[in-house]
Amino acid sequence: MRDTTTGVATISVPFATGEYATAPLTWAQSVMWGPMQWFGKEANQFNIGRSLVPPTPVAPARLHATLRALVEAHQTLRTRYVERGDQPQQQVAAAGAYDVVVVDDHGDPARVGDELVADLTATAFDHEAEWPLRVGCARDRTDRISAVALVGSHLAFDGWAFNTLTALLLARLADPPAPPAPATGSGAQPLAQAAHQQSAAGRQQSRLGLRHWEQGLSTAPASMFDLPRAATGDQPIERHLLDSTAVTAAATALAARTRTSFSTVLLCLTTLVLTAYNGHRTAVFKLIAGNRLDRDSRDLIALNTLDALLVHPVDGDGDLLTAIRQLHRPAFEAYRRAPCDPAGVRTVVDEVGRRRGLTFDLSAYFNNGHRGSDWATADPDPGPDRLTELRRGSRYSRLEPLSKSDMRFYVAASNQGDGRCRLGLLVDTAFFPGGLGETVIRGIETLLCAAVTGVVRVAEIADRIGLTPARRGPDWVSTPAGWVRPQAVAELVGEVAGTTAFAEPAADGGITAYVSGPGSPTELHRRVLDALAGRPGLVAPTGYVICGSTPPPGAGPDAWRALPVLARGSGRDV
């Protein structure tokens, strides 16, 4: 169908293959399902889009045949994701049709293709009603296809899968077309992947991953953002970009010197900059793990990313190269143990949190989005003059801010293919006010270059990049769970007890709470744990003192300590 007044047409491309089938969501799909529901209409920010310009325009029939072949070969392209109570599922269709938007290219297919991608990206996917891939194309004056626009849902694609799809499409539209790829392994489809994850082998893999989460969380701080909050506007989430050949050259050189990897170098800088800001001695990050470790997973055109957990102590007396070496093995182990059932992860996070008397806020993320390790650079060991020259070509920019995000801090790296590394940074301005976001992203480049040409001490990081550490008042104390205000803990205990309370640092490094009135430490602790939900940055006391009376209003700590004691204990059941 063509609208002759606007030059826009919609072409239906039918497909038919196999049989209708359903399965539970894969682990990766389950991880993304929650954010998709939480963001609702704003989930369009997760859409992945790209405009493709074939070397020469192709006949529409050829594009349609290529699209049909890809849809029939890959289950993801004919899948709908539906909510069935607490068990959402994927439904793979045996037949259907794609509606392809067609517009005139006006003699500029690259520009029109980019505009079409922007249009197709603007709205969130309705996963029950539409396929997870939107397709559009631009035609020239002879009605041949001069550009193709593809936009995928992040519930169906990660960067690897989307790049695989676009590469296949371009190869088949080339002249001469590339031969069809060899048949993929039987596991290179989402339904087979879901079946494996439900099998005995998959459950064992999950158990190993969940053990890693439990061990890491047993020593992790509750949050990387136990900081005083700043006022924010309607769009509190800033997004920063830095395109830099200096980052590529410096990180490649440091990876070679430390015998680690480009990813480890950037991850180390990310953890050290954040801990230099928040004053933590241990970093806890979620790493976006691609898990493309075998033939099946490399061929899989589907979302395959999971959250990996990194909990790593920071040596404030060391230097940057030593820190990079120390991080490499823990990061590798984190990525290796990422494949596990996300429902089990949620259970572990809750159970360890209750055992430790806290609620975890795991909202610091790192993502090395590059496919492989071939960060090509003409400067394998650049000197200071060359790095200065490369830095002059760095380009900093900001994207439009967001109204909300489930991340408070996110660093991503991607290879732009011409020697540039694109660093992306997302920050919640409630914790990174003013120009701190730009300071952080530029600071990573500064530290990388400085470490190539000299020694950078971990303790110097904030000063080196002009980063002012977060300021906490004298009423904050450092505990094994992170930074805490005893007064906030007292207010929480008093709230659940329905009376006044007092809290102070304890000899064990935790917090002791004094409260007047009847009750037992065990009962009070249970109620405090229930009230902690949704209050990251707060922790339960490690000890409770139930007092037989209440001190006069405004009485100090000595008055609380002098009260008669009815019961004392940790409140933890032994």
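Values as computed for the structure displayed
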| quantity | calculated |
| --- | --- |
| Relative contact order %, segment 2-189, counting alpha carbon pairs below 8 Å whose residues are six or more apart | 31 percent |
| Which of ARG68, ARG141 has the fewest Cβ neighbours within 10 Å, and the rest in rising order | ARG141, ARG68 |
| Derived scalar couplings ³J(HN,Hα) [segment 168-173; Karplus, 6.51 cos²θ - 1.76 cosθ + 1.60; whole Hz; x for Gly, Pro] | 4, 5, 4, 4, 7, 8 |
| Considering only segment 477-569, percent of DSSP beta bridges that pair antiparallel, nearest 5 | 70 percent |
| Positive-end residue, the chain charge dipole about Cα centroid, Cβ charges, pick of PRO55, HIS328, LEU116 | HIS328 |
| Computed over the chain: relative contact order in percent, which uses C-alpha pairs under 8 Å that are six or more apart | 15 percent |
| Angle in degrees between helix 320-336 and the longest Cα principal axis of the chain, rounded to the nearest 10 | 70 degrees |
| Euclidean distance between Cα centres, segment 311-365 to segment 494-524, Å | 30 Å |
| Bridge type composition, the chain - antiparallel percent by DSSP, nearest 5 | 80 percent |
| Paired Rg and Dmax values of segment 508-569, which use every Cα atom, in angstrom | 12.3, 34 |
| Dimensions (Å) - the chain, Cα atoms, principal axes, largest first | 92, 61, 49 |
| Shape category assigned to segment 97-246 from the gyration tensor of Cα positions, a/c cut at 1.5 | oblate |
| Nearest-20 debye value, the chain charge dipole, Cβ charges on Lys, Arg, Asp, Glu | 900 debye |
| Listed residue (VAL71, THR499, PRO382) projecting farthest to the positive dipole end of the chain, Cβ model | PRO382 |
| Dimensions in Å of segment 2-189 - Rg and Dmax from alpha carbons | 16.6, 51 |
| Peptide ranges 254-266, 78-90, 151-163 listed from the most packed, as the mean C-beta count within 10 angstrom indicates | 151-163, 254-266, 78-90 |
| Centre separation in Å (Cα based) which lies between segment 25-78 and segment 134-164 | 8 Å |
| Residue-averaged 222 nm ellipticity for the chain, from DSSP H runs of 4+ at -39500 (n - 2.57), nearest 500 | -11500 deg cm²/dmol |
| Dipole magnitude of segment 477-569, debye to nearest 20 (Cβ charges: Lys/Arg +1, Asp/Glu -1, about Cα centre) | 60 debye |
| Length-normalised contact order for segment 12-101 - Cα pairs under 8 Å, 6+ apart - percent | 55 percent |
| Options PHE431, THR164, LEU208, ranked by Cα towards positive dipole end of the chain, top entry (Cβ charges) | LEU208 |
| Principal semi-axes in Å for segment 265-304 [√(5λ), Cα gyration tensor, largest first] | 32, 9, 7 |
| Residues whose placed amide H lies under 5 Å from that of LEU52, excluding near-sequence neighbours | VAL148, ALA149, LEU150 |
| Ranked GLU400, GLU438, criterion: other C-beta atoms within 10 Å, fewest first | GLU400, GLU438 |
| Computed over segment 36-138, the ratio Rg/Rh where both radii use C-alpha atoms and Rh is Kirkwood | 1.00 |
| Centroid-to-centroid separation of segment 236-307 and segment 390-458 [C-alpha atoms, Å] | 12 Å |
| Mean shadow area of segment 199-465, taken as a quarter of the surface of its Cα convex hull (nm²) | 14.9 nm² |
| Among 419-428, 93-102, 320-329, the order from most to least packed when residues are scored by Cβ within 10 Å on average | 419-428, 320-329, 93-102 |
| Proximal charge balance of THR232 [Cβ under 15 Å; K/R count +1, D/E count -1] | +1 |
| Degrees, to the nearest 10: 436-453 long Cα axis against longest axis of the chain | 80 degrees |
| Dipole moment magnitude, nearest 20 debye, segment 199-465 about Cα centre, only Lys, Arg, Asp, Glu C-beta charged | 500 debye |
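The numbers here are math on the coordinates, done by the rules we state, and not lab data. Predicted, not measured: the structure shown is a model, and the values here were computed from it. Quick reminder, even Gly has a Cβ in these numbers, built from the backbone with ideal geometry, and neighbours come from all protein chains shown.
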